[in-house]
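Chemist: One structure follows; several queries about it will come next.
The values are calculated or read from the model by the stated rules, or taken from the named source; none is laboratory data. Just so it is clear, the model here is predicted, and its values are computed rather than measured. Cβ sites come from the backbone with ideal geometry, for glycine too, and all protein chains shown count toward neighbours. In case anyone asks, the SASA skips ligands and DNA or RNA and just uses the protein heavy atoms, side chains included. Shrake-Rupley method; radii C 1.70, N 1.55, O 1.52, S 1.80 Å.
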Amino acid sequence: MSKTALVTGGGRGIGAGIVEALAAEGWNVAFCGRKEESAFADRCRELEKKYGVRAVYFRCDVSTRADLELLLKLVTGAFGTLEALVNNAGVAPEVRADLLEMSEESFDRVLEINLKGPFFLTQAVGRYFAENKIAGTIVNIGSVSATVASISRGEYCLSKAGVAMATKLFAVKMAEFGVPVYEIRPGVIASDMTSVVKAKYDKLIAEGLTLQPRWGEPADIGRAVAMLLRGDLAYSTGQVINVDGGMEVGRL
């Protein structure tokens, strides 16, 4: 029987890479974003034709509690079940402001989308797994920014540090239901989010920022998620999987 995975923010960038990788593995994919459903009708048809799976896009603002509650109902109604959640949706600050100049509005926006939304969606899906006795899998997409300080986007760093702790919290809680919870921590990944600082990271990578001298690609993250959903690391709940080209390896 085919299994279904829900990928938030699955319409572009890292999320699109995850959706592609899971569809290639035979997963039915539900994915969501803030655009209208019609914007991804062709994409869904393309995935279905290419991989022989079901693909459905849902409009959802993950920072809105009502949208999250409706999302889970719509996904389970459309597919009949749900076996995996990938919390990928996230945003960078609209303005990269120095830590001493960061606005409260930017702080609230980033934390609501990157941390509060995924937390409460995980809570809802966790209840669904527990009530229906589904040994599903939960994967949070974090960032090296959880541990690497960037004072021009402190609110983003704080949100990803929160995701890291949320992963541990839910790993502890969901263990009693046989549900592993993981964090994948990407490094510098080519996407819409990083396109505005491409020149900066081109230079840093050329100077040795990463041990593997290239940008990461959404497909790199997609393959890591697929590995976890296959159960390849079934005895490693609560762990962080760094997909950063060796960026965080300490060097002298």
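Chemist: Identify, please: which residue in region 1-27 is farther than 28 Å from A92 by Cβ and not hydrophobic (A, V, I, L, M, F, W, C) and is, among those, least open to solvent (accessible area, probe 1.4 Å)?
Modeler: T4
Chemist: Residue pairs, Cβ under 8 Å, 6 or more apart or interchain, first in region 66-87 and closer than 20 Å to V181 by Cα, second open to solvent by 40 Å² or more (accessible area, probe 1.4 Å) and not hydroxyl-bearing (S, T, Y). List them.
Modeler: L68/F120; T81/K3; T81/N132; E83/K3; A84/K3
Chemist: What are the residues in region 141-152 that are out of contact with any helix residue (DSSP H, G or I) (no Cβ under 7 Å at 6 or more places or on another chain) and open to solvent by 30 Å² or more (accessible area, probe 1.4 Å), if any?
Modeler: T147, V148, I151, S152 - these are the residues of region 141-152 that are out of contact with any helix residue (DSSP H, G or I) (no Cβ under 7 Å at 6 or more places or on another chain) and open to solvent by 30 Å² or more (accessible area, probe 1.4 Å).
Chemist: Looking at K73, K133 in this structure, which one is part of a loop (DSSP other than H, G, I, E, B), modelled with pLDDT of 95 or more, within 23 Å of M174 (Cα to Cα) and among the charged types (D, E, K, R)?
Modeler: K133
Chemist: Somewhere in region 177-188, is a residue assigned to a helix (DSSP H, G or I) and either touching a residue at least 40 places away in the same chain (Cβ under 8 Å) or closer than 26 Å to G246 by Cβ (or both)?
Modeler: Scanning region 177-188 turns up at least one residue that is assigned to a helix (DSSP H, G or I) and either touching a residue at least 40 places away in the same chain (Cβ under 8 Å) or closer than 26 Å to G246 by Cβ (or both).
Chemist: Could you tell me whether region 220-241 includes any residue that is surrounded by 12 or more Cβ atoms within 10 Å (Cβ to Cβ), more than 27 Å from G26 (Cα to Cα), of a type in the set (D, E, K, R) and in contact (Cβ under 8 Å) with a residue 60 or more places away in the chain?
Modeler: No, because not a single residue in region 220-241 is surrounded by 12 or more Cβ atoms within 10 Å (Cβ to Cβ), more than 27 Å from G26 (Cα to Cα), of a type in the set (D, E, K, R) and in contact (Cβ under 8 Å) with a residue 60 or more places away in the chain.
Chemist: Working only within region 28-64, note down all residues that are small (G, A, S), under 14 Å from T4 (Cα atoms) and surrounded by fewer than 17 Cβ atoms within 10 Å (Cβ to Cβ).
Modeler: Within region 28-64, G52 is the sole residue that qualifies.
Chemist: Being among the polar types (S, T, N, Q), surrounded by 18 or more Cβ atoms within 10 Å (Cβ to Cβ) and in a loop (DSSP other than H, G, I, E, B): is that true of T210 here?
Modeler: Yes.
Chemist: Anything in region 242-252 that is among the aliphatic types (A, V, I, L, M) and either over 20 Å from K168 (Cα atoms) or open to solvent by 80 Å² or more (accessible area, probe 1.4 Å) (or both)? List them, or say none.
Modeler: Scanning region 242-252 gives M247, V249, L252.
Chemist: Can you tell me which residue among I138, I113 is part of a helix (DSSP H, G or I), crowded, with 18+ Cβ neighbours inside 10 Å and not small (G, A, S)?
Modeler: Details: I138 fails: part of a helix (DSSP H, G or I).
It is I113.
Chemist: Of the conditions (1) within 24 Å of R223 (Cβ to Cβ); (2) surrounded by fewer than 16 Cβ atoms within 10 Å (Cβ to Cβ), A84 clears all except one; give me its number.
Modeler: That leaves (2) as the condition not met.
Chemist: Let me ask something additional. Which residue is farthest from S150 (Cα to Cα), if the candidates are limited to region 189-207 and must be assigned to a helix (DSSP H, G or I) and of a type in the set (S, T, Y)?
Modeler: Taking the candidates together, the pick is S195.
Chemist: Quick check on my filter: what residues within region 222-242 are farther than 13 Å from Y182 by Cα and either aliphatic (A, V, I, L, M) or touching a Phe, Trp or Tyr at 6+ places or on another chain (Cβ under 8 Å) (or both)?
Modeler: Answer for region 222-242, where residues must be farther than 13 Å from Y182 by Cα and either aliphatic (A, V, I, L, M) or touching a Phe, Trp or Tyr at 6+ places or on another chain (Cβ under 8 Å) (or both): there is none.
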